[in-house]
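The values are calculated or read from the model by the stated rules, or taken from the named source; none is laboratory data. All values reported here derive from a predicted model rather than from experimental measurement. For neighbour counting, all protein chains shown are included, and Cβ atoms are generated from backbone atoms with ideal geometry for every residue, glycine included. Quick note on the areas: whole protein, heavy atoms, side chains included, nothing else; ligands and nucleic acids left out. Shrake-Rupley method; radii C 1.70, N 1.55, O 1.52, S 1.80 Å.
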Amino acid sequence: MFGVQSRGKNSKDYVNEEDEGVEKDVQTILAEKIDLLTEKRHTVREAALLALSNTVSSGWVGEELNDRVETLTEVLRKNLPRADETEAVLSCRVISLLALSLPLVSSRSTLLLSLKDVLSLIIQDEAHTRPIAARQSAVRALSTLTLMGIDGVEGASAESDSGGTSEEECLLSVLQVYQELFYDEESRPLWTDTLAAWSLLVTVASEELIRRTLYPLNVDRFIELLEDGDVEVRILAGRAVSCMVEALRDALQRGRQSFEGVTLEEIDQVIDEEIQGRKDSEEDEERSDVGGVGSVYDVIQRLQETLDDPSRFKSKTEKKRQKTSIRNDIAFLENNE
């Protein structure tokens with residue numbers, strides 16, 4: 001039923017789900033596949049990972065995962081640093097599926113705290129040995145895992161031996177991993193994935209984190225990326241700013257008694273006050289990251305320039321896609337929609 005035939009010569013013998021016609025229960029299947037992840041042959045591990053992903057994605061497991069997640073997490077954490085491209089991609093797929101399937105928030109948070117660092121190392125790839133596909137898969141897995149597990153991080157962290165970690169600290173550490181990439185020209189093949197992941201996670205960031213850190217330190221880079229030669233990068237850079245502004249606007253709106261919309265002037269004023277406060281503080285006197293920061297109006301102007309420049313488009317399809325995306329971003333930023 002869940003059988004998967006691996007590329008290994010005899011590895012299918014390790015992953016058959018039925019023994020002499022007797023169908024095994026889900027707990028047994030999960031236990032066997034996790035055990036196979038400790039095998040030395042990578043083909044056996046890959047086949048087991050594929051079988052696991054098929055089992056989890058089938059929707060037949062839920063509570064059963066909670067009983068096995070600790071063991072599975074530990075095996076994945078040990079295997080990922082030595083995994084080849086195929087095993088890394090399959091491992092990341094399993095991690096994403098676990099994040100989406102585990103019924104308990106505490107289990108998802110524990111998974112995040114356990115795997116965040118090893119996924120970050122794969123993404124950053126300081127040794128320059130990882131295939132792009134493996135790093136892209138790690139970017140997606142980490143964003144899914146963070147989105148689904150961030151709410152219970154403080155509780156899960158308090159129960160672990162590593163000490164307390166706040167949700168904001170955890171989220172910021174993940175966002176910073178992505179930021180390092182879209183500032184790095186050598187990481188260009190990962191820009192679209194990291195920008196998409198960053199835009200997704202900023203939707204769960206607090207208003208304070210966006211106002212104090214994410215917007216001031218990144219908006220100018222996003223404005224630069226609106227000039228990039230890749231249409232996907234331009235679209236995602238515009239979306240990243242829209243996501244930040246939306247979060248700030250929603251936070252300001254919740255603090256009001258009336259239903260009157262928040263204006264761009266108010267958003268820019270909040271950001272300017274934060275930046276000026278940082279410049280005036282003794283702690284930030286020698287910092288270089290609080291210089292000129294583009295306002296929302298700067299973003300709108302650059303979006304409009306990109307929209308009006310025909311040299312940006314290489315085909316009619318590309319032109320249509322980008323114009324639609326940019327018009328939506330401009331309409332949102334200007335009209336409070």
Task: Candidate set: segment 115-138, residues that are open to solvent by 10 Å² or more (accessible area, probe 1.4 Å), of a type in the set (Gly, Ala, Ser) and in contact (Cβ under 8 Å) with a residue 12 or more places away in the chain; chosen: the one nearest to Tyr183 (Cα to Cα) - done: Ser120
- [ ] Look at Ser166 and say whether it is crowded, with 21+ Cβ neighbours inside 10 Å and closer than 28 Å to Gln253 by Cβ.
- [x] no
- [ ] Kindly indicate the residue of segment 22-56 that is touching a residue at least 12 places away in the same chain (Cβ under 8 Å) and β-branched (Val, Ile, Thr) and also most open to solvent (accessible area, probe 1.4 Å) among those meeting that condition.
- [x] Thr38
TODO: Check segment 174-183 and report whether any residue there is more than 12 Å from the chain's Cα centre (by Cα) and open to solvent by 70 Å² or more (accessible area, probe 1.4 Å).
DONE: yes
Open item on the list: Here is a check on your reading of the model: is Glu74 assigned to a helix (DSSP H, G or I) and closer than 15 Å to Arg45 by Cβ?
Closed with: yes
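For (1) under 22 Å from Thr146 (Cβ atoms); (2) at pLDDT below 85; (3) among the charged types (D, E, K, R), each residue gets a yes or a no:
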{"position": "Leu201", "(1), (2), (3)": "yes, no, no"}
{"position": "Arg239", "(1), (2), (3)": "yes, no, yes"}
{"position": "Leu248", "(1), (2), (3)": "yes, yes, no"}
{"position": "Leu252", "(1), (2), (3)": "no, yes, no"}
{"position": "Gly261", "(1), (2), (3)": "no, yes, no"}
Open item on the list: When you check Asn79 against the structure, is it over 21 Å from Val139 (Cβ atoms) and touching a residue at least 24 places away in the same chain (Cβ under 8 Å), yes or no?
Closed with: no
TODO: Within segment 87-99, identify whether any single residue is out of contact with any strand residue (DSSP E or B) (no Cβ under 9 Å at 6 or more places or on another chain), modelled with pLDDT under 95 and of a type in the set (Val, Ile, Thr), and answer yes or no.
DONE: no
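For (1) in contact with a Phe, Trp or Tyr (Cβ under 7 Å, 6 or more places away or on another chain); (2) assigned to a loop (DSSP other than H, G, I, E, B); (3) within 29 Å of Thr129 (Cβ to Cβ), each residue gets a yes or a no:
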{"site": "Gly59", "(1), (2), (3)": "no, yes, no"}
{"site": "Leu65", "(1), (2), (3)": "no, no, no"}
{"site": "Leu80", "(1), (2), (3)": "no, no, yes"}
{"site": "Leu113", "(1), (2), (3)": "no, no, yes"}
